[in-house]
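The values are calculated or read from the model by the stated rules, or taken from the named source; none is laboratory data. Every value quoted in this text rests on a predicted model; they were computed, and no experiment measured them. Glycine gets a Cβ as well: all are built from the backbone with ideal geometry, and neighbour counts include every protein chain shown. The accessibility values were calculated without ligands, DNA or RNA, using every heavy atom of the protein model including side chains. Shrake-Rupley method; radii C 1.70, N 1.55, O 1.52, S 1.80 Å.
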Amino acid sequence: MPALPHRTAITIPDTQQVLLPDISSSNVVIYHSFTYDQVYAYHLFERTRLRNHQFNPETDFFPGGFFTFASLWKEGDPNCPHQWSSYDYANGVVHPEGTLISLETLLPGFTSEDAEWADPVIRKRAPTILARVLVMSIRHSPIATISQTSSPTPVLPLVALVP
């Protein structure tokens, strides 16, 4: 596993977390926890939208927590060669900083299967898949069978979720 080239960031592969300290207060250091899924979404956004100058503020959204992560990363080690982009709202300009860290270095132990579920395009399909599984589970459940005989509309709202 490559060492993380950042002075204060901590990766915890067992729990799939990245910890970044908030060093803005001199009295106490508070660590912020980011899941691998969150950080993967930040990396994907940075790689595909910001670094490629494909970000459109009218149609794209920053992943929640992106600016907090990027800010804590920079504050924790301003000399790290790997930084995250900033966005100038007034002028609509992306400012890439440093080089993009590799995903393997940033998220040790994160597999391609993990990355697939963290991909926002695939996540959009997840509710449909889960709804189908839920409907099938209910249809084959003894409770659903009892409910269907005692109630006129037991499972119909769930069936409406399945395209």
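Would you mind getting the accessible area per residue of the stretch 1-81, heavy atoms of the protein chains only, 1.4 Å probe, in Å²? Each step should come with its number before you reach the end.
Details: 4610 Å² over 81 residues.
With the other protein chains kept in place, the stretch 1-81 gives 57 Å² per residue.
Can you tell me the FRET efficiency between D88 and T111 if r is taken as the Cβ-Cβ distance and R0 is 41 Å, rounded to the nearest 0.05?
Numbers: r = 36 Å, r/R0 = 0.87.
About 0.70, to the nearest 0.05.
Search the structure for amide H atoms under 5 Å from the amide H of H82, placed 1.01 Å from N in the peptide plane, and list their residues when 5 or more places away or on another chain.
Amide H neighbours of H82: T99.
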